[in-house]
Amino acid sequence: MIHFPQECTNGSGSLCHQQTILVTGGAGFIGSHTTLQLLGEGYKVVVIDSLDNSVEESVKRVADLAGENGHNLYFFRVDLRDKDALEVVFSMTKFDAVIHFAGLKAVAESVAKPLFYYRNNMIGTINLLEVMAEHGCKKLVFSSSATVYGQPSSVPCTEDLPLSTTNPYGRTKLFVEEIARDLHIADPEWKIILLRYFNPVGAHPSGLIGEDPRGVPNNLMPFLQQVAVGRRKELTVFGTDYPTKDGTGVRDYIHVMDLATGHIAAVRKLFTPKEIGCTAYNLGTGKGTTVLEIVAAFERASGKKIPLRYADRRPGDCSEIYASTEKAERELQWKAVYTIDDMCRDQWNWASKNPWGYRHPDLANGNRT
Ligand code: NAD
Ligand code: UD1
């Protein structure tokens, strides 16, 4: 199904032209924040999303938050597995670049349903790359993940560390990175930036858009948020015997607003005349924070006491991982600026204004159909 607001067409059914970015998965957490920043920078943005893990309301809120620039936002409900629908989107306008967020990201689900994940994340991406090539659009920013460092042999992780992963979700990221590298070798006209996100958290300071996972959250911050608003009884802390300062796992949490700025920097780089090839950048802060430090910061921000239950380590977890940020600073002129306290403040602002996310309480815990 395609939703294409009447006022966005020029009568012939095609979009009026200016620099236009296709954002796949733009209704999701990171995609919605990036779309808002792209609009603020004056880009025209076409979002496509299957709404598998999101709702159209997020796109509407982005349009509202963008004010006048909201007129430059278009939304198509398209699943990347449906190549014909993708063709229709590409035949309507010329895209200058694509930011590819669309994908499924729940690690445990990927272990239980590997084929579902491979079809969605791999076939979806191959369809996208084929249609891009057919239409002469060869500039891509891809959402990769620090998961490609597996159990890192050293920290901070530099982009040239050996890559490995421990689960099907992680393998889809690694495989797509490899496909991107092969594609550039075969056709050097491609310019591809692989962004390896560390741990995205926080929300837009307005509290109008934020993360709204379907079902039980896998990640720390959305789970913590649901405990704070009373949707869950307690937070389980996975592992208290890691060789870290308080025994809990260390991660590099990064505010989603900083991540969004990182995407703007990457898109700008794609439009420079420089030879870019296919290259990866870490998007992190370079600082590690333990689970208990995050809990303490969230309690300060929310004024809520978070009940904790201590449990064994979660399979596949590493003890400590954080980014080397030098390459992104040097080559993208980008650096994260938000602190852990900023992240928790904005996360709580979003959570307290939207305790059930974008959805009605009856739908908020629903599983994928
Ligand atoms: P999200 O689930 O909020 O957003 C992803 C969006 O993609 C959703 O709106 C979903 O409906 C859509 N989608 C999924 N499959 C699709 C398909 N076949 N066709 C069209 N749309 C589809 O997740 P997010 O946190 O915003 O993550 C965005 C990207 O960043 C993902 O690729 C994810 O793997 C990657 N990433 C996320 C994190 C994280 O912790 N959030 C960390 C590293 C990498
Ligand atoms: C996880 C995934 C990773 C994925 C990333 C973003 C695993 C093994 N890794 O990374 O592949 O790219 O999410 O989607 O699933 N924690 C708790 N209690 C919870 C949840 C988490 O104590 O309820 C701890 C974890 O043990 C970890 C830290 O909090 O030490 C962060 O966990 P999480 O938010 O899931 O991120 P990652 O483990 O970094």
Q) Taking only C-alpha pairs under 8 Å that are 6+ residues apart, what is the relative contact order of segment 47-198 in percent? A) 23
Q: May I ask you to derive the relative contact order of the chain, considering only C-alpha pairs under 8 Å and at least 6 residues apart, and to give it as an integer percent?
A: 18
Q. Carbon and sulfur atoms: what percent of the 1.4 Å accessible area of the chain do they account for?
A. 52
(Q) Need one number: nm distance between label points at residue 185 and residue 326, each 7 Å from Cα along Cα→Cβ, rounded to one decimal. (A) 2.7
Q) To the nearest 10 Å², what's residue 242's accessible area with a 1.4 Å probe? A) 10
Q: Considering only protein heavy atoms, with the full assembly of protein chains and a 1.4 angstrom probe, order 314, 196, 268 by accessible area, largest first.
A: 268, 314, 196
Q: Set Lys and Arg Cβ to +1 and Asp and Glu Cβ to -1, take the dipole of the chain about its Cα centre, and tell me which of 137, 224, 36 lies farthest positive.
A: 224
**Q.** All lysines inside 22 Å of residue 105 as judged from Cα atoms, apart from same-chain residues fewer than 8 positions distant
**A.** 83, 113, 173
Q: Express in Å², to the nearest 10, the accessible area of residue 135 obtained by rolling a 1.4 Å probe over the protein heavy atoms while all chains stay in place.
A: 80
Q.
Can you give me the solvent accessible area of residue 137 with a 1.4 Å probe, rounded to the nearest 10 Å²?
A. 0
Q. What 222 nm value per residue comes from the helices of the chain, counting each DSSP H run with n ≥ 4 as -39,500 (n - 2.57) and dividing by all residues, nearest 500 deg cm²/dmol?
A. -10500 deg cm²/dmol
Q) Which whole-number value in Å² is the accessible area per residue of segment 157-306, probe 1.4 Å? A) 37
(Q) Suppose every Lys and Arg Cβ carries +1 and every Asp and Glu Cβ carries -1, with no other charges. What dipole size does the chain come out with about its Cα centre, to the nearest 20 debye? (A) 640
Q) Dipole of the chain (Lys/Arg Cβ +1, Asp/Glu Cβ -1, origin at the Cα centre): which of 186, 271, 50 lies farthest to the positive side? A) 50
(Q) With viscosity set to 1.567 mPa s at 4 °C, what whole-number translational diffusion coefficient in µm²/s follows for the chain from Stokes-Einstein and a Kirkwood radius over Cα pairs? (A) 62
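The values are calculated or read from the model by the stated rules, or taken from the named source; none is laboratory data. Values in this document were obtained by computation on a predicted structure and should not be read as measured data. For neighbour counting, all protein chains shown are included, and Cβ atoms are generated from backbone atoms with ideal geometry for every residue, glycine included. Just so you know, the surface numbers come from the protein's heavy atoms only, side chains and all, with ligands and any DNA or RNA stripped out. Shrake-Rupley method; radii C 1.70, N 1.55, O 1.52, S 1.80 Å.
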